[in-house]
Structures are given as C-alpha cells and as structure tokens.
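What follows is one structure encoded as structure tokens, with my remarks underneath.
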Amino acid sequence: MGAAGVHQGGEEDRDLARLLAGYIGCATFWLLLSTAVGVIISFKFAYPDLMTSPYLSFGRLRPIHTNDTFYAWASMALVGMAFYVGVKTCGTRLYSIKLGWASLALFNLAALLGTIALDLGFNNGDQEYREWLWWIEAIFMAALVLAAYNLIVTAARRADDDLYLSNWYTIGGMVFTIILASVAIVPWYQRGLGQVGVQAFFMHNAVGMWFTPLTLGLWYYVLPKLLNRPIYSYALGVLAFWTNLVFYPIIGAHHFIFSPLPWWLQTLAIVFSVAMLVPVWAGSANFLLTMRGRWEQVRRSYALPFVFVGVLGYLLGSTQGTFEAFRSLQQVWHLTNFTVGHSHLTMYGFVTFGIWGGIYALLPRATGRAPSLILTGLHFWLATVGVVIYVMALSVGGTIQGLVWISGQPFINSVTAIAPDWLWRAIGGSLMFLSHVVFAWNVWSMITGRAQESRAAQAAEAAS
Ligand code: HEM
Ligand code: HEM
C-alpha cells in the first residue's frame with residue numbers, strides 16, 4: 001500500500017481532522033437541502049397541484065436538486081476525503097490547510113449563489129448539470145483549481161517514489177474536470193449542434209471523470225485499510241484507471257442517440273459504451289475480490305456495508321448503462337423515466353453510498369469519535385430499501401412509458417400508466433431522505449460527540 005498511514009503527528013493531525021470535518025459537515029448540509037428538494041419534486045409528479053409558487057415550481061427546483069447533489073454534496077465530500085487520503089498515502093502533510101479551507105469557502109459560495117439564482121429564475125438555459133450562471137460556475141472552478149493544486153503539491157512532496165493508486169484516481173479526476181469545466185464555461189460552440197456536442201461531452205464526463213474516479217480512488221484507500229489486507233490486484237486497478245481514461249471521454253454522445261449529431265459519432269459512443277465494460281468489471285472485480293472471504297467482517301463494520309452496496313451500484317448501474325446505449329433499447333427508454341432510475345442507481349447507489357462508506361471509515365479515525373451502531377444500521381437500511389424502491393419503480397414505469405409511446409397511443413395514456421410508479425418513487429425517496437436525517441445526526445456525533453465511545457468502537461472495527 002505504499003506509504004499509507006505512515007506519517008502523522010499531533011497538531012497536523014488535528015488540523016487535517018478539522019478540515020475533513022468541515023468538508024463533511026458542509027456536504028451533509030447540502031445533502032439534506034438538495035434531497036428535501038428532491039422529495040418535494042417527486043411528490044409533484046404524484047400531486048401536480050402541490051406548491052405552485054414560482055419559487056417552488058418544478059422548473060426551478062429540479063436544477064437546484066441536481067446541481068446541489070452534484071456540486072455541493074458529492075463534490076465537497078469527495079474533495080475533503082481526497083485531501084485526507086492524499087495525506088495518509090503520501091506520508092506527508094497537506095501542502096496548505098488554509099488553501100483547503102479557501103476551496104471549501106468557494107465551493108460553498110458557488111453552491112449558495114447557484115441555489116439562490118436558480119430559485120429566482122436566473123440560469124444558464126437548459127443545459128443540464130450546468131444551469132448555474134457562468135460566473136457562478138467560475139467560482140466553483142476556482143475552488144476546484146485550488147483543491148487540485150493543493151493535492152498535487154502534497155503528492156509531489158510524498159515520502160515514497162511510488163504514488164499510491166488512490167491519488168492517480170483523485171488527481172486524475174480533478175485535472176480532467178478542470179478541462180471539463182473550462183469547456184462548459186467558454187462561450188464557443190454553445191449554439192446549435194456544437195452545443196449538443198459540448199453538452200454530450202460535459203454531461204457524461206461530469207459523472208464519469210469526476211464522481212467516478214474520486215469515488216473509486218477513495219475505495220482503493222478505504223478497503224485495504226478497513227480489511228487490513230492489500231487490494232486484490234494493484235495491476236487490475238491500473239488497467240481500470242487507463243481504460244477508464246481512454247474510453248469514458250468519448251461516450252457522451254450516447255445521450256443524443258437519434259439526434260441530428262453525426263450518425264458515426266453516435267455509433268462510436270455506443271461502441272465505447274460497450275468498451276466501458278472493461279474498466280467497470282475490472283474495478284468491480286478488484287473490490288469484490290478484496291472483500292472475498294471477509295463477509296462477516298463486512299457485515300459487522302460501520303463502513304463496509306455502504307462500500308459493498310456502492311460496488312454493486314457501480315457494477316449494475318454501469319453495466320445497465322452499456323445496454324441502455326444500444327439503439328434498439330434507446331428506442332424504448334430514451335427520454336423516459338428509466339433514465340432517471342439509472343441516474344439514481346449510479347449517482348445514489350454507487351457514488352452516494354461510496355461516499356458514506358468513506359465517511360464512516362475516515363471521520364471516526366480523524367476525530368476519534370464513532371457514531372451509534374444502531375443509527376448507522378438504520379441509515380443503511382432506510383437508504384438501501386428506499387433506493388431499491390426508487391430504481392425499481394422507475395425502471396418498470398419508464399419501460400411501460402416507452403412502450404406506450406411506441407404503440408402510438410395518446411400521450412396521456414403514458415402518464416396514467418406510470419402514475420402509480422411515480423407515487424412509489426416518492427415513497428422510496430422519502431425513505432432515502434429519512435436516512436439522510438439519521439446520517440446527519442451521525443455526522444454531528446462524529447464531529448462533536450464523546451470521544452471515548454469511539455475508541456472502543458474503532459478498536460472493535462480494527463480487531464474484526
Ligand atoms: C460506464 C458505463 C455507463 C454507461 C455506458 C452509461 C450509459 C448511459 C446512457 C446511454 C444514458 C442516456 C440515457 C438516455 O438519455 O436515454 C445515461 C444517462 C445517465 N447516466 Fe449513465 N452510463 C454509465 C455509467 C454511469 C455512471 C457511473 C454514472 C454516475 C456516476 C452515470 C450517470 C448517468 C446520469 C446522471 C444520466 C442521466 C443524464 C441525463 O440527465 O440525461 N452513468 N447513461
Ligand atoms: C431523497 C433522495 C432523492 C430524491 C427523492 C430524488 C428525486 C429526484 C427527482 C424527483 C428528480 C426529477 C426526475 C425527473 O425530472 O423526471 C431527480 C433528478 C435527479 N436526481 Fe435525484 N433524488 C434524490 C437523491 C439524489 C441524489 C443524492 C443524487 C446525486 C448524488 C441525485 C441525482 C439526480 C440526478 C442526476 C437527476 C437527473 C436525472 C435525469 O435527468 O436522468 N438525486 N431526483
């Protein structure tokens with residue numbers, strides 16, 4: 001594992017712990033806010049007359065939900081943990097704690113201004129996941145550049161020659177996302193088909209080259225640490241890294257199958273969507289084989305069950321994505337709620353569960369305080385049952401919706417056909433939201449609770 005966990009001393013440890021707690025605390029606040037909004041909009045499908053004020057309209061709340069889950073919740077949590085993992089695996093201190101706080105302040109500023117602007121009706125048009133005004137995106141970008149610089153200089157000062165795999169993923173993801181954010185902000189090619197091409201590139205790489213590598217990089221640290229055994233195959237991890245980098249950037253056009261984008265570009269995107277099976281299966285197998293034979297330990301851990309569900313979410317969601325890209329299946333599923341099911345299987349079942357696994361693994365280690373085992377179990381089951389209901393309802397409902405459209409029936413028939421599934425989605429979503437309240441309490445207790453409890457718990461985790 002390279003230099004993982006070699007270094008740390010008193011005050012530096014405390015500074016880093018405070019920084020990590022700051023990132024996780026803020027991220028948790030945004031998770032609560034953004035998913036409360038998610039619950040409201042999910043009930044609007046079942047009850048269209050609910051909350052009709054412009055400030056609470058679907059058109060304004062939906063991008064608040066997506067941008068805040070992406071750029072506030074998931075991004076802040078992943079960057080905070082990337083710093084922590086970087087420091088531990090490089091056997092050095094963070095280049096600048098102050099810069100770390102500055103990035104966090106800018107991330108929060110962007111999220112706050114973005115949320116307010118969207119709710120007041122100021123946005124960047126209908127370009128999904130980049131609805132924030134360009135200057136607000138630029139603030140997010142500044143936060144990202146500072147964070148990347150901080151992590152890269154930290155890695156450059158590492159004790160070993162080797163750079164541990166986690167940092168390849170996290171630094172790689174940050175550098176690629178700076179390119180991605182620049183492409184999203186610059187005004188060229190932002191009209192007509194050029195805009196569609198840019199949007200395809202942006203939309204898929206936001207999930208594939210930002211959240212995915214940061215989550216995978218986190219697991220490459222967390223799994224060996226918690227299981228007290230090396231990752232099953234370092235080489236497989238390297239293979240997954242490079243194939244991810246080669247195949248992912250080209251698959252974005254699968255969001256625009258049957259659009260006026262060149263047919264060859266769509267075909268290329270489909271072929272590379274199939275090629276994505278290589279990094280997805282290589283990575284997932286690596287994680288599952290690392291856990292093999294240690295299921296009792298996984299079951300008794302705070303963090304490992306979340307990572308386990310996260311790995312399944314990654315494997316199933318991405319493999320589903322490969323099939324979803326085929327033209328024959330796009331005919332049924334494109335523009336239906338099936339896609340929303342896929343989004344939550346991946347961004348929730350994979351990324352959000354992956355982040356929770358990381359938080360339950362790292363925060364108690366950093367602060368010396370563990371959460372209640374019962375409340376952690378409650379968080380796990382509410383979220384798991386909730387997301388299973390959510391994804392199943394929309395997978396079934398979305399398929400029916402697509403089949404009704406193909407059969408040429410009046411549009412309203414597809415609405416009445418999927419209506420019960422929208423209600424189920426709202427019920428699943430409410431369970432997910434409840435789990436976030438429990439999680440927020442756990443984070444609070446890991447940051448401010450009594451220290452003794454956790455020593456015992458950590459000892460138990462380490463011994464198991
Ligand atoms: C690696 C294999 C993957 C493939 C081949 C794939 C494929 C697809 C396809 C074809 C669509 C478009 C559906 C449509 O518009 O009809 C889609 C949408 C989406 N995917 Fe994936 N996916 C993969 C992995 C992931 C992962 C890992 C994430 C999240 C981390 C993710 C998040 C999303 C999201 C959020 C959308 C919705 C985009 C929108 O709003 O239109 N996907 N995916
Ligand atoms: C309580 C939990 C949640 C609920 C109830 C919820 C609900 C919703 C609803 C109702 C939509 C609009 C779907 C539509 O336009 O048809 C949506 C979209 C979306 N949500 Fe969530 N959500 C939750 C959590 C999350 C989280 C944690 C993430 C990411 C980390 C996320 C990512 C997304 C994405 C990417 C979309 C766009 C989907 C697409 O266009 O395919 N959601 N969500």
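Observations on the model:
- Restricting the stretch 331-352 to residues that are within 6 Å of ligand 2 (Cβ to nearest atom) and not small (Gly, Ala, Ser), the residue that is farthest from Ser75 (Cα to Cα) is Asn337.
- Test: Ser34 is within 16 Å of ligand 2 (Cβ to nearest atom) and part of a helix (DSSP H, G or I): yes
- Qualifying residue in the stretch 397-410 (condition: more than 14 Å from ligand 1 (Cβ to nearest atom) and under 23 Å from Tyr314 (Cα atoms)): yes
- In the set Gly368, Gly354, only one residue is touching a Leu at 6+ places or on another chain (Cβ under 8 Å) and more than 9 Å from ligand 1 (Cβ to nearest atom); that residue is Gly354.
- Screening the candidates Lys88, Lys98 for the property of being within 29 Å of Leu226 (Cβ to Cβ), away from ligand 2 (no atom under 12 Å from the Cβ) and of a type in the set (Lys, Arg) yields one hit, Lys88.
- Only a single criterion out of (1) buried (at least 17 other Cβ atoms within 10 Å of the Cβ); (2) under 23 Å from Pro260 (Cβ atoms) is not satisfied by Pro187, namely (1).
- Restricting the stretch 260-282 to residues that are near ligand 1 (Cβ under 10 Å from one of its atoms) and either at pLDDT below 95 or small (Gly, Ala, Ser) (or both), the residue that is surrounded by the fewest Cβ atoms within 10 Å (Cβ to Cβ): Ala275
- Options Thr322, Thr384; residue that is within 22 Å of the chain's Cα centre (by Cα), of a type in the set (Val, Ile, Thr), in a helix (DSSP H, G or I) and farther than 27 Å from Val79 by Cα: Thr322
- Residues in the stretch 228-266 that are away from ligand 2 (no atom under 16 Å from the Cβ), in a helix (DSSP H, G or I) and in contact with a helix residue (DSSP H, G or I) (Cβ under 9 Å, 6 or more places away or on another chain): 19 in all.
- Of residues in the stretch 333-365 being under 16 Å from His255 (Cβ atoms) and hydrophobic (A, V, I, L, M, F, W, C), the one surrounded by the most Cβ atoms within 10 Å (Cβ to Cβ): Phe338
- Residue check for Ser328: among the hydroxyl-bearing types (Ser, Thr, Tyr) and either within 16 Å of ligand 2 (Cβ to nearest atom) or outside any helix (DSSP H, G or I) (or both): no
- Residues being of a type in the set (S, T, N, Q) and within 14 Å of ligand 2 (Cβ to nearest atom) - total across the stretch 37-61: 2
- Among the residues making up the stretch 124-144, those that are surrounded by fewer than 18 Cβ atoms within 10 Å (Cβ to Cβ) and assigned to a helix (DSSP H, G or I) are Trp134, Trp135, Ala138, Ala142.
- Qualifying residues in the stretch 283-333 (those that are among the basic types (Lys, Arg) and in contact (Cβ under 8 Å) with a residue 60 or more places away in the chain) - the one farthest from ligand 1 (Cβ to nearest atom): Arg300
- Selection over the stretch 153-168 of residues that are of a type in the set (Gly, Ala, Ser), at pLDDT 95 or above and surrounded by fewer than 20 Cβ atoms within 10 Å (Cβ to Cβ) gives a count of 1.
- Lone qualifier among Lys98, Lys88 - being more than 16 Å from ligand 1 (Cβ to nearest atom), surrounded by 23 or more Cβ atoms within 10 Å (Cβ to Cβ), under 23 Å from Met174 (Cβ atoms) and of a type in the set (D, E, K, R): Lys88
- Residue within the stretch 122-129 that is on the phi < 0 side of the Ramachandran plot, in contact (Cβ under 8 Å) with a residue 40 or more places away in the chain, hydrophobic (A, V, I, L, M, F, W, C) and in contact with a Leu (Cβ under 9 Å, 6 or more places away or on another chain) present: no
The values are calculated or read from the model by the stated rules, or taken from the named source; none is laboratory data. What you see is a predicted model; the values in this text were computed from it and never measured. All Cβ positions, even for glycine, are placed from backbone atoms using ideal geometry, and neighbour counts span all protein chains on display.
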